[in-house]
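Take a look at the structure set out below.
The values are calculated or read from the model by the stated rules, or taken from the named source; none is laboratory data. Since this is a predicted model, take the numbers as computed values, not measurements. Note: ideal-geometry Cβ built from the backbone for every residue, glycine included; neighbour counts use all protein chains shown.
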Amino acid sequence: MQTLILILILFLISIFSVLLYFKTNKNRLDLLSSGECPACKQKTKTFFDKNTNTTFTSEVISSRVLKNHGCSGVSEVEFTCKSCGLKEVHQVSNSGCSF
């Protein structure tokens, strides 16, 4: 009986740890997509020039597509932080073919 309870507890811990991993991965992807680095917390900076009435933005996160798996697949995107050098690869879903 004790073995059965121990196996059940270990199974629940493993399920919750996998769910926690997916949640943190999704949160990091959301931060990177919004332009904030999850490691150093740097954000996109905006500057306003009063003489020419223009707004300049300095992006902290740069992204590039590593692999594009077609219309129904996902794209593998590498996000790079310019201030701390963080590099992460995430899979971003495509919105289908836009003809």
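As for region 34-50, it holds at least one residue that is out of contact with any Leu (no Cβ under 9 Å at 6 or more places or on another chain), in a helix (DSSP H, G or I) and modelled with pLDDT under 95.
Among the residues of region 25-45, none qualifies, meaning not one is out of contact with any helix residue (DSSP H, G or I) (no Cβ under 6 Å at 6 or more places or on another chain), without any contact (Cβ under 8 Å) to a residue 60 or more places away in the chain, loosely packed, with under 12 Cβ neighbours inside 10 Å and of a type in the set (Val, Ile, Thr). For region 57-99, a residue qualifies if it is surrounded by 10 or more Cβ atoms within 10 Å (Cβ to Cβ), more than 15 Å from Leu29 (Cβ to Cβ) and hydrophobic (A, V, I, L, M, F, W, C), and the qualifying residues are Val60, Cys71, Cys84.
Here's the yes/no breakdown for (1) modelled with pLDDT under 90; (2) not charged (D, E, K, R):
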site: Leu12; (1), (2): no, yes
site: Leu20; (1), (2): no, yes
site: Ser58; (1), (2): yes, yes
site: Val74; (1), (2): yes, yes
site: Lys82; (1), (2): no, no
site: Lys87; (1), (2): no, no
